[in-house]
Amino acid sequence: MRHIKNFINGQFLDAVDGKTFEKRSPVDGQVIARIAEAGRVDVDAAVRAAHDALQGEWGRLTVDQRVDLLYGVANEISRRFEDFCDAEMADTGQPRHVMTSAFIPRGAANFKVFADVFKTVSSESFQMATPDGRGAINYAIRVPKGVIGVISPWNAPFLLMTWKVGPALACGNTVVVKPSEETPLTTALLGEVMNAAGVPKGVYNVIHGFGPDSAGEFLTHHPLVDAITFTGETRTGTAIMKAAAEGMRDVSFELGGKNAGIVFADADFAAAVEGIFRSSFLNSGQVCLGTERVYVERPIFESFVAALKARCEAVKFGRPDDHAANYGPLISDEHRRKVLAYYAKAVAEGATVVTGGGIPPMPAELAGGNWIEPTIWTGLPETAAVVREEIFGPCCHIRPFDGEDEVVNLANANDYGLSTTIWTSNLSRAHRLAARIEVGITWVNSWFLRDLRTAFGGSKQSGIGREGGVHSLEFYSETRNICIKL
Ligand code: NAD
């Protein structure tokens with residue numbers, strides 16, 4: 001059993017009041033870790049450590065020195081790659097290949113890429129005329145915002161947390177991270193990495209706990225937190241935005257989605273089936289960018305549904321390190337109850353259950369895990385709850401469509417606007433649709449391809465702001481204009 005502590009000012013510390021909570025394995029329900037639960041006093045200590053670090057050695061580093069340190073962090077993550085994979089598998093129960101191909105390498109990249117972006121970014125300058133004819137020069141310098149509160153979710157914990165910590169540190173800020181209560185392990189390992197890489201104390205701090213009336217809320221209300229970056233549910237974002245309004249703190253929000261996948265009859269059929277399978281069911285459907293609404297052009301509707309059904313029924317449930325398995329459980333029993341309630345609601349609303357809909361039979365040693373079947377529905381109106389609301393499970397509803405205008409209207413008729421994936425061999429059509437669909441990210445004949453230099457974020461209720469490349473620098477730093485009279 002692991003004992004995970006808060007990481008404050010370079011030290012691993014229990015909560016001052018000694019409180020802890022349990023982390024259970026998604027795979028079999030066993031308790032795998034006991035976590036220190038930060039109270040107000042611990043959160044205050046972490047924020048003050050971050051605040052003080054801005055005035056210390058960290059604040060005096062040159063850009064080159066800071067970039068070197070972040071490269072050191074990336075290298076240390078790569079050196080401890082297996083430890084990170086093991087920790088993330090223990091927390092999430094997801095298969096090893098998901099860790100090794102995406103989740104952990106992206107963690108290291110988040111430090112390297114943003115170090116490079118910051119090193120190469122330039123700032124504006126303007127020459128201006130003055131009445132005496134001698135003129136003046138304006139130039140901007142980029143300064144850190146200060147202490148950044150980072151609040152992250154459980155679905156791709158290390159990737160999503162470092163996606164914020166990397167650029168925040170590259171810009172010279174310090175951070176206090178509140179990881180999800182479901183996935184504390186990799187944030188703790190990153191504390192070890194920071195110490196090994198020589199990052200000054202207080203630059204990276206971690207407090208564990210829950211949201212309301214716990215570490216999350218204490219962090220967002222702390223007056224020495226200068227900005228808050230959050231990934232999670234839209235409802236939680238609303239609560240955090242209210243907290244950020246005190247003191248006029250800036251926010252960056254990456255929130256929920258109810259993303260459309262659109263498949264035209266002229267698409268490469270096999271690639272589209274595989275692409276929609278990945279986008280709907282990867283990580284057991286717990287991906288914000290995932291597809292829960294699929295629209296298929298009528299001539300291929302029946303064959304597409306049959307092919308996706310076959311793909312779902314071929315998954316092999318099992319432990320993350322079981323080479324014969326390729327499919328993991330949901331994160332928690334609580335989340336499974338929520339997803340199963342949607343499965344029941346779909347039936348009550350009149351769905352045809354094409355496949356799945358329940359809990360798969362599992363061997364006795366895994367029966368305590370949060371296993372659930374990939375599920376496909378057809379036949380529901382767009383007003384059905386499972387077609388409108390984010391479920392965040394391995395499920396999708398598939399509906400036929402007859403033309404571009406119809407499918408654009410269907411895709412846009414939702415409160416969320418995070419991403420979409422379009423499958424077609426007609427590139428003119430892809431361009432036309434991509435411009436009309438109200439989302440932050442559109443993929444054509446692909447999904448989840450990410451270049452970290454590009455803008456990432458959601459429209460409508462899927463977020464506020466963009467991160468990625470220079471967009472991250474816009475959030476994690478401020479420009480200060482300096483005007484010099486010549
Ligand atoms: P969540 O909103 O329940 O929790 C996210 C984090 O916020 C956790 O650390 C939680 O403890 C904390 N929190 C909860 N209430 C809080 C409060 N009142 N004050 C401060 N902190 C609080 O989300 P989740 O269930 O962990 O993650 C799933 C959600 O995240 C889904 O909606 C998914 O779409 C979204 N998500 C979005 C993106 C994106 O990039 N847009 C990426 C991944 C996940």
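Here are the numbers for this structure:
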read-out: Lone qualifier among R450, R466 - being at pLDDT below 95 and within 30 Å of D116 (Cβ to Cβ); value: R450
read-out: Residue in the range 257-275 that is within 16 Å of the ligand (Cβ to nearest atom), more than 18 Å from V150 (Cα to Cα), assigned to a loop (DSSP other than H, G, I, E, B) and among the basic types (K, R) present; value: yes
read-out: Single match in V165, V150 (criterion: touching a helix residue (DSSP H, G or I) at 6+ places or on another chain (Cβ under 6 Å), crowded, with 21+ Cβ neighbours inside 10 Å and at pLDDT 95 or above); value: V150
read-out: Positions within the range 241-256 being among the hydrophobic types (A, V, I, L, M, F, W, C), open to solvent by 10 Å² or more (accessible area, probe 1.4 Å) and within 13 Å of the ligand (Cβ to nearest atom), in sequence order; value: M241, V251, L255
read-out: Hits in the range 113-139 - residues which are open to solvent by less than 70 Å² (accessible area, probe 1.4 Å) and under 20 Å from A168 (Cβ atoms); value: V113, F114, A115, D116, V117, F118, V121, S123
read-out: Enumeration of residues in the range 181-196 that are open to solvent by 10 Å² or more (accessible area, probe 1.4 Å) and near the ligand (Cβ under 9 Å from one of its atoms); value: E181, E182
read-out: Candidates V47, V73 - the one that is within 21 Å of F111 (Cβ to Cβ), assigned to a helix (DSSP H, G or I), among the β-branched types (V, I, T) and in contact (Cβ under 8 Å) with a residue 12 or more places away in the chain; value: V73
read-out: In the range 231-240, residue surrounded by the fewest Cβ atoms within 10 Å (Cβ to Cβ) [restricted to those that are in a helix (DSSP H, G or I) and touching a Leu at 6+ places or on another chain (Cβ under 6 Å)]; value: T234
read-out: Only one of E478, E467 that is assigned by TED's automatic domain parsing to the domain that holds V176 and surrounded by fewer than 20 Cβ atoms within 10 Å (Cβ to Cβ); value: E478
read-out: Single unsatisfied condition, C85 versus (1) closer than 15 Å to L169 by Cα; (2) surrounded by fewer than 24 Cβ atoms within 10 Å (Cβ to Cβ); (3) modelled with pLDDT of 95 or more; value: (1)
read-out: Filter result for the condition that a residue is in contact with a strand residue (DSSP E or B) (Cβ under 8 Å, 6 or more places away or on another chain) and either assigned to a strand (DSSP E or B) or aromatic (F, W, Y) (or both), over V315, V354; value: V354
read-out: Residue selected from the range 431-460 under the condition within 13 Å of the ligand (Cβ to nearest atom) and among the β-branched types (V, I, T), by the criterion farthest from A108 (Cα to Cα); value: V439
read-out: Evaluation of V177 against (1) touching a helix residue (DSSP H, G or I) at 6+ places or on another chain (Cβ under 6 Å); (2) open to solvent by 10 Å² or more (accessible area, probe 1.4 Å); (3) more than 23 Å from T479 (Cα to Cα) (one fails), failing number; value: (2)
read-out: Segments classed as strands (runs of 3 or more DSSP E), wholly inside the range 380-486, with at least 2 members that are without any contact (Cβ under 8 Å) to a residue 60 or more places away in the chain and more than 27 Å from N173 (Cα to Cα); value: 441-444
read-out: Any strands (runs of 3 or more DSSP E) falling wholly within the range 103-185 and containing at least 3 residues that are more than 21 Å from the chain's Cα centre (by Cα); value: 125-128, 136-144
read-out: Qualifying residues in the range 197-230 (those that are at negative phi and more than 23 Å from the chain's Cα centre (by Cα)) - the one surrounded by the fewest Cβ atoms within 10 Å (Cβ to Cβ); value: P223
read-out: The range 276-298: number of residues that are away from the ligand (no atom under 16 Å from the Cβ) and touching a Pro at 6+ places or on another chain (Cβ under 9 Å); value: 5
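The values are calculated or read from the model by the stated rules, or taken from the named source; none is laboratory data. Keep in mind the model is a prediction, meaning the values are calculated, not measured. Don't worry about glycine lacking a Cβ; one is built from the backbone with ideal geometry, like all the others, and counts go over all protein chains shown. Protein only, heavy atoms only, side chains kept; ligands, DNA and RNA dropped before computing areas. Shrake-Rupley method; radii C 1.70, N 1.55, O 1.52, S 1.80 Å.
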